[in-house]
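Presented below is the structure to which this report refers.
What follows is calculated from the coordinates using simple rules that are stated; it is not laboratory data. Since the model is a prediction, treat every value here as computed from it, not as a measurement. Note that we place each Cβ from the backbone using ideal geometry, even for glycine, and neighbour counts take in every protein chain shown.
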Amino acid sequence: MIHHVLPEQSYTRIEPAELGLVYTNVQRVELHEDMLFSNEEEEACFVVIKGSLSYASQSGEKGCAVLGDVLYLPIRQMLQLSGKNSVVMRFGAPCTRQTAFAHIKFAEADADSRHKTYGSKENGTFRHVWNMIDEQFDSSRFLVGICHGTLGGWTAWPPHEHGEKREEVYCYFDMQDGFAVQCVYDDLQQEVGSVIVQEGHVVAIPSGYHPNVGCPKTGIRYVYCMVSRTAEDRNFMDLKTQQAFGTKLE
């Protein structure tokens, strides 16, 4: 089943059960003044999807985060954010061990091996993927990144699913007045969920194949947040493709 959330519906924290999930909570944060966030027994990441902001962590780190940057906050830590007309998506998941605060800069990920490309221009599936929180990053459950599709192009192709291993949330951003279509299904011969998504929308994917396609005007851009059902089991490529459309991501 597809769970579709509009921006105004996520101003307050959405708990996992409301999204059809078990572990992942989500909140849209529109910054107009200083805001303080406090973690208890969960890790969290904050992804800047509009504007820029200043931050100060409980452990003493300070800086400025811009579009596409990710701030990772460990358990039992606080984070202050300051900004004007900037927007952050906050994702949270249970965690039982200590990690370290981190500012993961999009510009640095763009310049190294965390920036990958998949698909082909010939069949309309070429896209850029930035693995901001990958397997090498010290997190218990998160795999978090950003995907940019081409104008009118597909991403998450061939259709794949990883519901036994991970649940996933997409947040679409930097699409201006464009739109995209998100599909979620287990079997094309049975119930297929599809929704039109726009700037700031969120879709939760408990399980199932989940390809999507952007309109020719703006394409599709989104943050993906995958949360492992088993702590420490984090393998981005541990997935099942729909073999009628391909055997692996490439």
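For HIS32 and PHE236 in one chain, what is 0.36 nm times their gap in residues minus the Cα-Cα distance, to one decimal in nm?
69.9 nm
Return the calculated 222 nm mean residue ellipticity for the chain, to the nearest 500 deg cm²/dmol, obtained by summing -39500 (n - 2.57) across DSSP H runs with n ≥ 4 and dividing by the residue count. All intermediate terms of the calculation are to be shown ahead of the outcome.
Values: 1 runs with 5 residues, N = 250.
That calculation yields -500 deg cm²/dmol at 222 nm.
Taking 30 Å as R0, compute the FRET efficiency from the Cβ-Cβ separation of GLN243 and VAL195 and round it to 0.05.
Taking R0 as 30 Å, the efficiency between GLN243 and VAL195 is 0.75.
List SER194, SER207, SER38 from most exposed to least, where exposure is judged by having the fewest other Cβ atoms within 10 Å. Show your work: numbers first, answer last.
Details: SER194 14, SER207 18, SER38 11.
With the fewest neighbours first, SER194, SER207, SER38 line up as SER38, SER194, SER207.
Taking the Cα centre of each part, how many Å lie between segment 207-250 and segment 47-112?
Using only Cα atoms, the two centres lie 23 Å from each other.
Scan (i) 71, 41, 26; (ii) 40, 38, 35; (iii) 51, 37, 36 for the value of Cα extents along the principal axes in Å calculated from this model and give just the label.
(iii)
Between THR12 and GLU41, what FRET efficiency comes out of the Förster formula 1/(1 + (r/R0)^6) with R0 = 35 Å and r the beta carbon distance, rounded to 0.05?
Taking R0 as 35 Å, the efficiency between GLU41 and THR12 is 0.95.
If one computes the Cα centroid of segment 138-200 and of segment 8-27, what distance in Å separates the two points?
Here the answer is 17 Å between Cα centres.
Long-range amide H contacts for PHE179: which residues qualify at under 5 Å (H placed 1.01 Å from N, peptide plane, sequence gap of 5 or more or a different chain)?
Here the answer is CYS215, THR218, since their amide H atoms fall under 5 Å of that of PHE179.
Quick one: putting +1 on the C-beta of Lys and Arg, -1 on the C-beta of Asp and Glu, what dipole do you get for the chain around its Cα centre, in Debye to the nearest 20? Intermediate results must be reported in sequence, preceding the final value.
On the way: 22 positive and 33 negative charges, 87 e Å.
Using only the charged Cβ atoms, the result is roughly 420 debye.
Quick one: of LYS105/LYS248; LYS116/LYS248; LYS121/LYS248; LYS62/LYS116; LYS121/LYS217; LYS121/LYS165, which pairs are farther than 25 Å apart, Cα to Cα?
As for pairs spanning more than 25 Å Cα to Cα, those are LYS105/LYS248; LYS62/LYS116; LYS121/LYS165.
Pull up all non-local amide H partners of LEU239: gap of 5 or more, or a different chain, and H-to-H distance under 5 Å with H placed in the peptide plane.
Correct list: empty.
Running a GNM on the chain with Cα contacts under 10 Å, which residue among ARG141, ARG166, ARG13 ends up with the highest mean-square fluctuation?
Its mean-square fluctuation being the largest, the pick is ARG13.
Name the long-range amide H neighbours of GLN77: under 5 Å, sequence gap of 5 or more, or other chain; modelled H, no Pro or chain starts.
Under 5 Å from the amide H of GLN77: ASN39.
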